[in-house]
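The values are calculated or read from the model by the stated rules, or taken from the named source; none is laboratory data. These numbers were taken from a predicted model, which means no experiment stands behind them. Positions of Cβ are backbone-derived with ideal geometry, glycine not excepted, and every protein chain shown enters the neighbour counts. Note: accessible area is taken over every heavy atom of the protein model, side chains too, but ligands, DNA and RNA are not part of it. Shrake-Rupley method; radii C 1.70, N 1.55, O 1.52, S 1.80 Å.
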Amino acid sequence: KNEVEQSPQNLTAQEGEFITINCSYSVGISALHWLQQHPGGGIVSLFMLSSGKKKHGRLIATINIQEKHSSLHITASHPRDSAVYICAVETSGSRLTFGEGTQLTVNP
Amino acid sequence: SAVISQKPSRDICQRGTSLTIQCQVDSQVTMMFWYRQQPGQSLTLIATANQGSEATYESGFVIDKFPISRPNLTFSTLTVSNMSPEDSSIYLCSVHANSGRYNEQFFGPGTRLTVL
């Protein structure tokens with residue numbers, strides 16, 4: 001069993017839909033990161049969470065430390081949101097362990 | 001924040017040769033991380049490089065295969081030695097820095113390596 005599991009692996013949505021990507025982990029963490037990877041390979045940090053909820057534009061991330069679960073929500077999705085979304089947990093020494101990623105495709 | 005550049009951006013190499021990847025950061029950072037992303041997979045940490053000390057390698061990665069240098073607080077190199085087709089991957093360096101919002105992980109653009 002992977003230490004970090006994401007679901008779904010693939011997600012196709014219509015423009016405007018509300019999207020949720022889930023992440024569960026099995027280890028003790030100091031923080032959880034949500035990252036976005038575009039087809040060219042570049043990786044951008046979206047959020048770092050250690051508790052509660054954060055919002056940035058149309059993106060919302062939540063974390064439940066007791067349940068070891070986090071969700072990334074995208075409101076009013078747009079084709080430019082199409083990318084791979086990766087959950088990563090931070091453990092000792094700022095090391096990251098990554099989930100397999102969720103490939104999101106938003107169709108116009 | 002931190003802006004990271006990597007060289008080369010991509011390369012095609014012959015089996016048995018070695019390639020050195022450079023990573024340059026525009027600010028001083030204590031730890032630099034080297035990751036590998038094999039085709040269709042997520043990232044795997046190769047090693048953590050601290051300035052002035054030996055790199056710390058993750059399970060499954062060894063110094064003879066992936067020697068790392070960290071001569072100062074803004075630069076690191078990763079060498080992929082005696083390459084085989086299984087080493088074909090994207091190699092990324094990363095740092096932990098304060099973005100103004102929080103301590104954030106910044107990634108370089110990656111080096112796409114193909115071994116024939």
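Observations, loosely collected:
- The Cys residues in the protein assembly as shown with no partner Cys Cβ within less than 4.7 Å of their Cβ are B:CYS13.
- The magnitude of the dipole of chain A, with charges of +1 and -1 set on the Cβ of Lys/Arg and Asp/Glu and taken from the Cα centre, is near 280 debye.
- Surface composition of chain B: carbon plus sulfur atoms contribute 48% of the solvent-accessible area (1.4 Å probe, protein chains only, all chains present).
- Taking other residues whose beta carbon is less than 12 angstrom from the beta carbon of A:ASN22, and scoring Lys, Arg as +1 and Asp, Glu as -1, yields -1.
- Length-normalised contact order for the range B:13-77 - Cα pairs under 8 Å, 6+ apart - percent: 34
- The range B:26-116: chymotrypsin sites (Phe, Trp or Tyr not before Pro) falling in loop per DSSP and having at most 14 other Cβ within 10 Å: B:TYR102
- Residues of the protein assembly as shown: accessible area per residue with a 1.4 Å probe, Å²: 46
- A Stokes-Einstein calculation at 4 °C with viscosity 1.567 mPa s, built on the Kirkwood radius of chain A over Cα pairs, returns a diffusion coefficient of 94 µm²/s.
- Under the combined filter of DSSP loop state and at most 12 neighbouring Cβ atoms within 10 Å, the range B:1-64 retains these trypsin sites (Lys or Arg not before Pro): B:ARG15.
- Positive dipole terminus of chain A, leading residue within A:SER94, A:VAL106, A:GLN37 (C-beta point charges): A:SER94
- Only Lys, Arg (+1) and Asp, Glu (-1) charged, at Cβ; chain B dipole about Cα centre in debye: 200
- Whole-Å distance, taken between Cα centres, linking the range A:14-43 and the range B:33-56: 20
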